[in-house]
Amino acid sequence: MPELPEVETVRRTLNDLIVGKTISSVTATLPRILQKPDDPQVFAAMLEGRTFTSVERRGKFLRLVLDGLVLVSHLRMEGRFGVYRADEPKEIHTHVVFHFTDGTELRYKDVRQFGTMHLFPAGEELRSPPLNKLGLEPLEGGFTPDAFRLALGRRSTKIKPLLLNQEVVVGLGNIYVDEALHMAGVHPERPANKLTKSERDRLHSAIVQTLSAAVEAGGSSIKSYVNGQGEMGMFQHSLKAYGRTGEPCLTCGTPIERTVVGGRGTHTCPDCQKGPRNKSPAQDASRGEAAKRYVRNNAVKRRLDGPSE
């Protein structure tokens, strides 16, 4: 957290809040957040008098564009930006403040202190770390089924860890990979080079649909995520796999299972997403009974509710 939908929501919010504002000074109280340049005084001097012209995104990174410079920011686990009046009290863990000439401030708060900021001459940021090796943007026109096939290549890596690799497709994290794989009916442990064309195309479509829906919902507030105006995302109410361990699959009624794939907690429906592991007859019978109960309960609910309008 945050993943592409959350960063895109922050981008849209900040684009409305800070474009056209001019920086009078910068205060940085936690120097390690500043990666380039790593000297707070040099960082501040480079930004003084600059005006924000747009806020863009590359993968999970924000690109805050100024006249002549680009500030690349990664929020990591819990970084967040917010715009405040200069006289409003600062919250604890506010580590970088951009003071504007109009009496407002852009504040960066980071409880975990893992976020980063890099400052580049305009255009250089795309040719330099951390942006220069990023993969396909899944919500742009270049993310076609053919481009996705080429990005996966002939790799035998399990599909979930491969989708989490930002050099393949950007912006996908644990939540949205689980959701896309569930929608596509693909097991997270399937080797990428074993996917059929149909599976690959379904997965491509599921990635686009899942991320698009999440962006429209303002992202997912699983832990502490809020946008630049302090508002929570709402997509967590639409999750069909992630975080639903033991709950019935909304497609077939089989309980969602949690395993670990590539070191990450992973949520799958063992019926909709057929995997390589052999299950015991007892497990199969248990899942079958759960699915039957799900169907029966829904049938009863429909009878009690009456016909839908």
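The values are calculated or read from the model by the stated rules, or taken from the named source; none is laboratory data. Values in this document were obtained by computation on a predicted structure and should not be read as measured data. Methodologically, a virtual Cβ is constructed for each residue, glycine included, from the backbone with ideal geometry; neighbour enumeration extends over all protein chains shown.
Among the listed residues 64, 134, 106, 126, which satisfies the condition of being part of a strand (DSSP E or B), under 29 Å from residue 164 (Cα atoms) and either touching a residue at least 40 places away in the same chain (Cβ under 8 Å) or not assigned by TED's automatic domain parsing to the domain that holds residue 149 (or both)? Spell out how you get there, then give the answer.
Numbers: 134 fails: part of a strand (DSSP E or B); 106 fails: under 29 Å from residue 164 (Cα atoms); 126 fails: part of a strand (DSSP E or B).
It is 64.
Which one is modelled with the lowest pLDDT among residues in segment 218-244 that are under 18 Å from residue 173 (Cβ atoms) and polar (S, T, N, Q)?
227
Checking residue 171 against (1) at positive phi; (2) assigned by TED's automatic domain parsing to the domain that holds residue 55, which single condition isn't satisfied?
Going through (1) at positive phi; (2) assigned by TED's automatic domain parsing to the domain that holds residue 55 one by one, residue 171 breaks only (2).
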